[in-house]
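For reference, the structure is listed below as structure tokens.
Bear in mind that the values in this text are calculations on the coordinates, not laboratory data. Values in this document were obtained by computation on a predicted structure and should not be read as measured data. Don't worry about glycine lacking a Cβ; one is built from the backbone with ideal geometry, like all the others, and counts go over all protein chains shown.
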Amino acid sequence: QWSLTDFDVGKFIGEGKFGKVYLGREKQSGYVVALKVIYKTKLEKYRFHGHLRREIEIQHGLDHPNVLRLFAWFHDADRVVLVLEYAARGELYKLLRSVGHFSERTAATYVASLAGALAYCHKKQVIHRDIKPENLLLDIEGRLKIADFGWAVRSNAKRHTLCGTIDYLAPEMVEKKAHDYAVDNWTLGILCYEFLYGSPPFEAAEQQDTLMR
Ligand code: ADP
Ligand code: MG
Ligand code: MG
């Protein structure tokens, strides 16, 4: 059973809605990881236990070169800690914004990696449901890794929860209809466009306009 004392905690590397992420090094082996720390008070406030449990169960069961590994997890009185593969080059989002758009060759490589990872997840009956550039990370060699399984579900049946980010929402989600793994494939199309053009196809100043488009 792991605990925080097994790790040297390093610099702050990222923040999401529920977690702060730090660089970490396992003391015995020197192995470098990312530590996603979620405070239990926050879990309580937003009633997020179920989501976190699913995130852990689902990501722990996946093993693919383009899916961020979850090695272990533990908790103490105040927080839950996920021990994750470290993606040294950070968010694909930041890279995309800094270069504007990708060449066809680069875009094709990312689309192929993402398609392979999604096909693997779907074969294991996992739907990610929050694919977007902030949740796609790059490792030290620039390989794409799907991260943040906080909205993921294990299901082969139709689902109803509205989730995801407006620009990447499939029409069946916008219309609050039942949805399945195909919502991830929709985001693959949105991202293919965004990689080549620099912004997503239905972007608008008002969220309502994006939904209409
Ligand atoms: P949340 O579920 O709160 O959105 P994420 O898992 O998406 O949290 O992590 C928030 C941010 O932290 C990511 O967008 C990314 O910038 C950074 N991050 C998360 N995990 C890693 C990792 N394993 N390696 C490098 N950066 C990471
Ligand atoms: Mg996230
Ligand atoms: Mg999340």
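At 4 °C and 1.567 mPa s, grab the translational diffusion coefficient of segment 13-67 from Stokes-Einstein with a Kirkwood Rh over Cα pairs, rounded to a whole number in µm² per second.
Values: Rh = 13.0 Å.
Diffusion coefficient, whole number: 100 µm²/s.
Helix-only estimate, please: 222 nm mean residue ellipticity of the chain, summing -39500 (n - 2.57) across DSSP H runs of length 4 or more and dividing by its residues, to the nearest 500. Intermediate values should be presented prior to the final figure.
On the way: 7 runs with 72 residues, N = 213.
So the helix-based figure for the chain works out to -10000 deg cm²/dmol.
With every atom except the alpha carbons ignored, what do you get for Rg and Dmax of segment 50-121, in angstroms?
My reading of the Cα-based Rg and Dmax gives 15.4, 49 Å.
Which value, in debye to the nearest 20, describes the size of the charge dipole of segment 91-183 about its Cα centre when Lys and Arg Cβ atoms bear +1, Asp and Glu Cβ atoms bear -1, and nothing else is charged? It would help to have the intermediate numbers written out before the result.
On the way: 14 positive and 11 negative charges, 62 e Å.
Taking the Cα centre of segment 91-183 as origin, the dipole is about 300 debye.
Between Glu104 and Gln208, with labels modelled 7 Å along Cα→Cβ, what's the label distance in nm to one decimal, could you check?
Output for this residue pair reads 4.0 nm.
How are the Cα pair distances of segment 1-114 distributed, in percent, across 5 Å bins from 0?
2, 10, 18, 20, 18, 14, 9, 5, 2, 0
What is the pair-distance distribution P(r) of the chain, computed from all Cα-Cα distances in 5 Å bins starting at 0, with each bin given as a whole percent?
For the chain, the binned pair fractions read 1, 7, 14, 18, 19, 17, 13, 7, 3, 1, 0 percent.
Could you tell me which residue out of Leu92, Gly142, Tyr120 lies farthest along the dipole of the chain toward its positive end? Charges go on the beta carbon: Lys and Arg +1, Asp and Glu -1, centred on the Cα centre.
The residue sitting farthest along the positive end of the dipole is Tyr120.
When the dipole is taken about the Cα centre of the chain, and only Lys, Arg (+1) and Asp, Glu (-1) are charged at their Cβ, what size is it in debye, to the nearest 20? Walk me through the numbers on the way to the answer.
Working: 30 positive and 27 negative charges, 87 e Å.
Dipole of the chain, to the nearest 20 debye: 420 debye.
With labels modelled as points extended 7 Å from the Cα through the Cβ direction, what inter-label distance (nm, one decimal) is found for Tyr193 paired with Lys94?
Each label point lies 7 Å from its Cα, and together they span 2.7 nm.
How big is segment 139-198 by the Kirkwood estimate over distinct Cα pairs, in Å?
Details: mean 1/r = 0.0768 Å⁻¹.
For segment 139-198, inverting the mean 1/r across all distinct Cα pairs yields 13.0 Å.
Return one number: the angle in degrees, 0 to 90 and rounded to the nearest 10, between the long axis of the Cα atoms of helix 49-60 and the longest principal axis of the Cα atoms of the chain.
The angle comes out at about 90 degrees.
Rounded to the nearest 0.05, what FRET efficiency do Phe12 and Phe71 have when you use their Cβ-Cβ distance and R0 = 30 Å?
Numbers: r = 20 Å, r/R0 = 0.66.
My answer for the efficiency is 0.90.
Only counting other Cβ atoms within 10 Å, I'd like Tyr197, Tyr46, Tyr120, Tyr181 sorted with the fewest neighbours first. Before the final figure, lay out each step's value.
Numbers: Tyr197 14, Tyr46 11, Tyr120 17, Tyr181 20.
With the fewest neighbours first, Tyr197, Tyr46, Tyr120, Tyr181 line up as Tyr46, Tyr197, Tyr120, Tyr181.
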